[in-house]
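The values are calculated or read from the model by the stated rules, or taken from the named source; none is laboratory data. Given the structure is predicted, the values throughout are model-derived calculations rather than measurements. Cβ: placed from backbone, ideal geometry, glycine included. Neighbour counts: every protein chain shown. To get the accessible areas, we keep the full protein, side chains included, count just its heavy atoms, and leave off ligands, DNA and RNA. Shrake-Rupley method; radii C 1.70, N 1.55, O 1.52, S 1.80 Å.
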Amino acid sequence: MTRFSRSKNPVPLKDLAGERNLFRARIFTAAILVVSCFLLLLFRYAHLQIQQYDHFTTESDKNRIKLQAVPPTRGYIYDRNGILLADNHPIFTAMVNLDDISDLNVTLKALTPVLDLSQEDLDRFTSRARVSGKLNPIALKIDLTEPQIARFSERKQEFPGVSIQTKMTRFYPHGDLFAHVIGYVGRINDKEQATLDKVAYAGTDLIGKIGIERSYEDLLHGTPGYQYIEANAHGEVLRQLGKTDAKRGNDLYLSIDYGLQKIAQDQLAGRRGAVVAMDPRTGEVLAFVSNPSFDPNPFIAGIKSDLYAQLRDSPDQPLFNRALQGLYPPGSTIKPFEGLGGIHFGLIDWSSRIFDGGSFHLPGDSHLFRDDAKRGHGIVDLNKAIAVSCDTFFYVLAYRMGIDRMHEWMTQFGFGSKTGIDLPGEKSGLYPSQEWKRERRKSNWLPGETISLGIGQGYFLASPLQLAMATSIMANQGNHIRPHLLLTTKGPINYPINNKPDGKINFNGVAEDWLHMRDAMVGVVMHGTARRISYGLSYQIAGKTGTAQVVSIAQGKKYNESALNHRQYDHALFTAFAPADAPRIAVAIIVENGKHGASAAAPIARAMFDYAVLHMDKDPMKPEPAPVDSGLMTAGQPMQQVVAPASTPKPQPIVDSAGDE
């Protein structure tokens, strides 16, 4: 039988010492790991807070602090007497910062019902966004209404990167009265954005489109400033941290006189036409009217397509600047210039006479060039030819001069060339020549075309502005003067203005010839075709009536007004200067389809001369005070402080039915 016996050294069930050693090892390892992690975090923290401090501070500030362009305030525009013509006033604008928007399409879709965005608004914005950088906010909608602002304010937390800002915009207080002179500003388009200096136009939404606003954009615009702002996550400005002030653009003072402009437009009385008045001593444009006109204010924020289509498609063409771009046959208004041309070339003198039997024909040609007087004017010299506007006298003179000498002489007065006025888009008109016809019409010049040219018909086309400049040259006895609208400017940019003649007509006659022609033009008003406007005159007017055919009359036919549409009636013209012995104002007037210069155009000049000679210098007309909407300010002052009551009564139209032109 086997026996088991107890061992003197039994094996324990647990190794307590080993476990303690193992535990100590694990604790040590964990401690090393924790300390290592702590040291690693400490190192990383030190790296971020010390070595990378500048970098992450900058990144943090980018989210909190933004550099924002401060657009400059556009310079104001005044008339010669300080009457405000182009104002600035504050409006609310929805601005979008592309850098803060993750999905632009979603944002625009959500904003559409909130801000009443039209497809035109969206197209304009997306077009601008394509060419703009992400740093400068872009205007989404200009001139927000109170309901639109209220709806946005309720949901602004949904639109990070979109904010409502107050901006200055243009306002034209006199509506259509100066539209064709001042023009208007409008939203910067793609083509302009691609060529503009992005620094100079940072934060700017508007730019001059036409007129003075465009011509003097560099003076009016100013220089932008910058500000550092602190903003929250929604793009709202919390505080301003620093600022560089913007520099306001120059203020412009135009040579235009408000009262003369108003009288000219009122005298046109809804008819289509144009009026240009100049100071013949300086070239300053005193009135510049194209009628009908248009209100430029809707163009600022972006005119609606239906309204623009209505203006564009109107048969009266209110957008067309007739004074600058309208080209018309000048008719008999050019006879004084042509008469001096005959003297210049030694073809006639003041005693030269012809017999006018009512028509003229070229040697060997049976075609008759008819006079306005069916039986003619009998014995006619240059004085009488101007006073009664004898066509036959100038048929004969044109035949003697010939096209080459006529072109050489008449182009000296600016016909066929741009005047150089400080407005964009001027048309040069046309004074034809043999070379012109060969190049443009591919045919030779015909002798009969010279005869038509002699009474301002045929290919001859001139603008009212060109006629005003030529009349000014006549008034100042051959001194050439360039028309301009800028009288003076005030602001950081110095801009020189020339108010002196820049040349003289090459004339082979004597100084008294200019005075003789002046007296002949006085005869037009005192006892000639425009005699009816002489009633009650306390000064002398030197003028010339004109009628320009719209439709030609076939040989042997009579002018039958009753058979014509009213838009086929002859155009009525009148050019004049006053006072005749010391001219201070020269005018050119055209009334489209007005039929007779004496009855339709000359009375307009009389009303303008009465104001210009008797009232303009000592008692200029001012606009009536107008009610002001809440918050609307003009050049820092309420509108009532800028405008004053009218001090000169509005002239009444002069009715005249006399005269053959």
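Scanning the stretch 454-505 for residues that are aliphatic (A, V, I, L, M) and open to solvent by 30 Å² or more (accessible area, probe 1.4 Å), we see that the one that is nearest to D404 (Cα to Cα) is L461. Taking the stretch 178-220 as the range and being out of contact with any Phe, Trp or Tyr (no Cβ under 7 Å at 6 or more places or on another chain), open to solvent by 40 Å² or more (accessible area, probe 1.4 Å) and under 19 Å from L252 (Cβ atoms) as the test, the residues that pass are R214, S215, D218.
For (1) within 17 Å of T333 (Cβ to Cβ); (2) surrounded by 18 or more Cβ atoms within 10 Å (Cβ to Cβ); (3) at pLDDT below 95, each residue gets a yes or a no:
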position	(1), (2), (3)
F507	no, no, no
D513	no, yes, no
M517	yes, yes, no
A520	yes, yes, no
V524	yes, yes, no
I533	yes, yes, no
G536	no, no, yes
Y539	no, no, no
G543	yes, yes, no
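Just one of the listed residues (R405, R400, R375) is out of contact with any His (no Cβ under 8 Å at 6 or more places or on another chain), in a loop (DSSP other than H, G, I, E, B) and open to solvent by 20 Å² or more (accessible area, probe 1.4 Å), namely R375. Residues in the stretch 623-631: is at least one over 30 Å from T145 (Cβ atoms) and either in contact with a Pro (Cβ under 8 Å, 6 or more places away or on another chain) or modelled with pLDDT of 90 or more (or both)? Scanning the stretch 623-631, I find no residue that is over 30 Å from T145 (Cβ atoms) and either in contact with a Pro (Cβ under 8 Å, 6 or more places away or on another chain) or modelled with pLDDT of 90 or more (or both), so the answer is no. The condition (being open to solvent by less than 30 Å² (accessible area, probe 1.4 Å), among the β-branched types (V, I, T) and in contact with an Asp or Glu (Cβ under 8 Å, 6 or more places away or on another chain)) is satisfied by just one residue among I263, I343: I343. Y495 falls short on exactly one of the conditions (1) at pLDDT 95 or above; (2) within 21 Å of L85 (Cβ to Cβ), and that condition is (1). When every residue of the stretch 57-72 is checked against the conditions, none turns out to be open to solvent by 30 Å² or more (accessible area, probe 1.4 Å), modelled with pLDDT of 80 or more, more than 29 Å from D218 (Cβ to Cβ) and hydroxyl-bearing (S, T, Y).
Considering the stretch 478-497, and only residues there that are touching a residue at least 40 places away in the same chain (Cβ under 8 Å) and part of a loop (DSSP other than H, G, I, E, B), the residue that is nearest to S255 (Cα to Cα) turns out to be L485.
Looking only at residues in the stretch 352-371 that are out of contact with any Gly (no Cβ under 9 Å at 6 or more places or on another chain) and over 15 Å from A398 (Cβ atoms), which one is surrounded by the most Cβ atoms within 10 Å (Cβ to Cβ)? Top of the filtered list is R353. Annotation note: Cβ proximity below 9 Å between a residue of the stretch 138-166 that is touching a residue at least 24 places away in the same chain (Cβ under 8 Å) and a residue that is part of a helix (DSSP H, G or I) and open to solvent by 70 Å² or more (accessible area, probe 1.4 Å) (sequence gap 6+ or interchain) occurs for R151/P113; G161/D99; V162/K156; S163/K156; I164/K156. Filtering K418, K427, K442 for residues that are on the phi > 0 side of the Ramachandran plot, surrounded by fewer than 19 Cβ atoms within 10 Å (Cβ to Cβ) and of a type in the set (K, R) leaves a single hit, K442. Considering only the stretch 222-268, state which residues are modelled with pLDDT under 90, in contact with a Lys or Arg (Cβ under 6 Å, 6 or more places away or on another chain) and among the acidic types (D, E). Within the stretch 222-268, E230 is the sole residue that qualifies. In the set (1) on the phi > 0 side of the Ramachandran plot; (2) surrounded by fewer than 22 Cβ atoms within 10 Å (Cβ to Cβ), the condition left unmet by W436 is number (1). Within the stretch 85-110, restricting attention to residues that are open to solvent by less than 10 Å² (accessible area, probe 1.4 Å) and touching a helix residue (DSSP H, G or I) at 6+ places or on another chain (Cβ under 8 Å), the residue that is nearest to R214 (Cα to Cα) is A86.
Does R281 satisfy being under 24 Å from T545 (Cβ atoms) and of a type in the set (D, E, K, R)? So R281 does not fit the description; no.
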